[in-house]
There are 2 protein chains.
Amino acid sequence: MKYCIGIDIGGTTVKMALFTDAGEMLDKWEIVTRTENEGITILADVAESVEAKLDAKNITKDMIVGCGIGVPAPVSEAGIVNGSANLGWKYKEVKKEAQERLGVPVVVGNDANVAALGEMWKGGGMGYQNLVMVTLGTGVGGGLIYKEKIINGSNGAGGEIGHVCVNYGEEEICGCGSRGCLEQYSSATGIVRLARKRLAKDDAATVLRTQEVSAKAVFDAVKDGDGVATEIAEEFATYLGYALANIATIIDPQVIVIGGGVSKAGTVITDVVEKHYKDRCFFTNDKVKFVLATLGNDAGVYGAAKMILE
Amino acid sequence: MKYCIGIDIGGTTVKMALFTDAGEMLDKWEIVTRTENEGITILADVAESVEAKLDAKNITKDMIVGCGIGVPAPVSEAGIVNGSANLGWKYKEVKKEAQERLGVPVVVGNDANVAALGEMWKGGGMGYQNLVMVTLGTGVGGGLIYKEKIINGSNGAGGEIGHVCVNYGEEEICGCGSRGCLEQYSSATGIVRLARKRLAKDDAATVLRTQEVSAKAVFDAVKDGDGVATEIAEEFATYLGYALANIATIIDPQVIVIGGGVSKAGTVITDVVEKHYKDRCFFTNDKVKFVLATLGNDAGVYGAAKMILE
């Protein structure tokens, strides 16, 4: 029996999982991410934790085909990171250092891209080879998979869906310095921004005036038939549909997987986004399927393992 | 010595070229495309012409590693076309039929994608692995190359750059049925449309009022410092910059190659497009290089051969 390891390094915890080389997850665990001192101990902590797990299971290094690692940063083909705000890293040769510490072959990828690969392999995109994953969280992340492989891009910045421009008339500045980015409308914070603007526009009755406005509150209100919340959801979905229609025109995927905290609202999201997508997509792309992500926080460890097993 | 053949089937002529398997073009010729009767004779004509050429050069079939074919239609992974208006074809198993007629392995691709591959291999994008090619002709075509391979897409519609939406406020309908497509602004016909609108706006003096308006006339006037022509070129480039910035945000290329008839105006095009691109691109993509295509009508046969030699 051979094994592989999937690791998803986040700003708060490092998630790890042990898989058979047939792709079965055998165990899953996590450790705290120590980001102090420019995150200098993170890879050492990971290696120590992996060693302990393998010892406990009587698995030797020669039984490990490799270790995939997802990190919150652009990653070069050589497995080098040029800075990760979430981890404290500056320039770091992640692949090289991890291979030295772990003693097994390592492949490194951007966490959003790796999660997309995980959803293709064992999640909402299972059975497809070409997919777009969009992650609606505090920001909007994404990943593109083509022929079962990540489109990492030339600078490790492939699939930066959150910064596709969807509104050339926008005057507010995005965190990236540009204006009109998808993230300004369709992230959790973007929806709250749209909601505040809508609420300020008039005095229309809505349950949203009686509680703290959040993405969840908006979509819960949509399910209850709240008119103002529905308007906000339509605006959110208009911009997301714009972005996804242009992405599909460019790379012609089979399926679009929607994940992240906002997507927990469920099919109320995919239904309204698919409607706006179809209003704007190129005719050859009107059969694209919309599905919800299913792996939640495990997408990263699945995708990391798949980088090794592909 | 081994050889391969590159074929570019267009609506008027079929261009063909013979290459060594080291990638040197040895000969180039063309025949008329007979599109009557749903183009039923096209592949037979191609096979006959190839046979004659090989006979004349004393090259036998076992010396041919394969034949690449570009066609003006979306092409499935299996080499099937579901209709090509330019050729008269309905459903056609191009790869299968061409293999039977030619007696050598065949790979089939969309002509715009194949031309992009040609420009990567021997043209403006030489030395790069990841590129976007945009072809500014009567329409706007394009192709994406990632890790030296075409992104063909799930329906053979990868790289349909001309139908990226760049103006959500547009009211005129594009040929595709949508509104605000890049092709409505940055094709040869799109530039003429922008020019007519600008000329109708006021009576500002411009050389464009004294001649037939064409893309060439506009860019010639820009080179002569004509103010109105410069405004038109800026509008053309604004939309093209919008599209290319979004494409780069999604797939993170190294280089953008601009080709097609309009690009014959030269660096006046790449300079103004690069300026508008940089106004709008995601910060990690601001080092993308802009170059002109260099292979002209030969891009297709080069790319077709490269599909075999890759």
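All of the numbers you see were taken from the coordinates with simple rules; none came from a lab. Keep in mind the model is a prediction, meaning the values are calculated, not measured. Every residue, glycine among them, receives a Cβ derived from its backbone with ideal geometry; neighbour counts consider all protein chains shown.
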Long-range tail of P(r) for the range A:47-189 (Cα pairs > 21 Å, %): 53
Lysine pairs within the range A:47-112, Cα separation less than 21 Å, 8 or more sequence positions apart or different chains: 4
Sites B:GLU93 and A:MET1, calculated FRET efficiency, Cβ-Cβ separation with R0 60 Å, nearest 0.05: 0.85
Copy-to-copy label separations for B:ASN82, where each label sits 7 Å from Cα toward Cβ, in nm and ascending: 4.1
Cβ-vector label at 7 Å, A:LYS216, separations to other copies in nm: 6.5
The range A:93-152 - Rg and Dmax from Cα coordinates, angstrom: 13.3, 36
Using distinct alpha-carbon pairs, which all enter the 1/r mean, Kirkwood radius of the range A:121-172 in Å: 12.5
Net charge, B:HIS276 excluded, C-beta distance under 11 Å - Lys, Arg +1, Asp, Glu -1: -2
Sum of -39500 (n - 2.57) over DSSP H runs of 4+, divided by residues of chain A (222 nm, nearest 500): -11500 deg cm²/dmol
Calculated over the range A:238-285: convex hull of Cα atoms, volume per residue (Å³): 71
Per-residue ³J(HN,Hα) for the range A:158-175, Karplus 6.51 cos²θ - 1.76 cosθ + 1.60, θ = phi - 60°, Hz, x for Gly and Pro: x, x, 7, 4, x, 10, 5, 7, 10, 8, 6, x, 5, 10, 6, 8, 6, x
Chain A, dipole about Cα centre (Lys/Arg Cβ +1, Asp/Glu Cβ -1), debye to the nearest 20: 240
Over the range B:66-110 - Rg/Rh using Cα atoms and the Kirkwood inverse-distance radius: 0.94
Hydrodynamic radius (Kirkwood) for chain B, which is based on Cα pairs only, to one decimal in Å: 20.1
Set of lysines with alpha-carbon distance to B:LYS216 below 29 Å, sequence-local pairs under 8 removed: B:LYS15, B:LYS28, B:LYS122, B:LYS197, B:LYS201, B:LYS264, B:LYS275, B:LYS278, B:LYS287, B:LYS289
Relative frequency of Cα-Cα separations exceeding 41 Å in the protein assembly as shown, percent: 32
Alpha-carbon spread of the range B:174-263, three principal axes, descending order, Å: 42, 30, 21
Environment charge of B:THR12, counting only residues whose C-beta is closer than 14 Å and scoring Lys/Arg +1, Asp/Glu -1: -3
Inter-centroid distance (Cα atoms) of the range A:1-50 relative to the range B:131-162, Å: 38
All Cα pairs of the range A:19-97, percent lying beyond 14 Å: 67
Rg followed by Dmax, in Å, when the range B:262-301 is reduced to its Cα trace: 12.4, 36
Cα centre as origin, Lys/Arg/Asp/Glu Cβ charges: the protein assembly as shown dipole, Debye: 260
Teacher prompt: A:MET1 distances to equivalent labels in other copies, 7 Å Cα→Cβ, nm: 5.9
Förster radius 56 Å - calculated FRET efficiency between A:LYS216 and A:ASP27, Cβ distance, rounded to 0.05: 0.95
0 to 90° range, to nearest 10: angle between helix B:188-201 axis and chain B longest Cα axis: 10
Euclidean distance of C-alpha centroids, the range A:57-97 and the range A:166-192, integer Å: 31
Size of electric dipole in the range A:122-253: Cβ of Lys, Arg +1 and of Asp, Glu -1, about Cα centre, debye, nearest 20: 340
Total formal charge among the other residues, if their Cβ is under 12 angstrom from that of A:MET120, Lys/Arg +1 and Asp/Glu -1: +1
Residues with amide H under 5 Å from that of B:ARG179, placed H, sequence gap 5 or more: B:CYS174
Considering only the range A:128-285, percent of DSSP beta bridges that pair antiparallel, nearest 5: 65
Listed residues B:GLU36, B:GLU231, B:GLU93, most fluctuating in chain B (Gaussian network, C-alpha, under 10 Å): B:GLU36
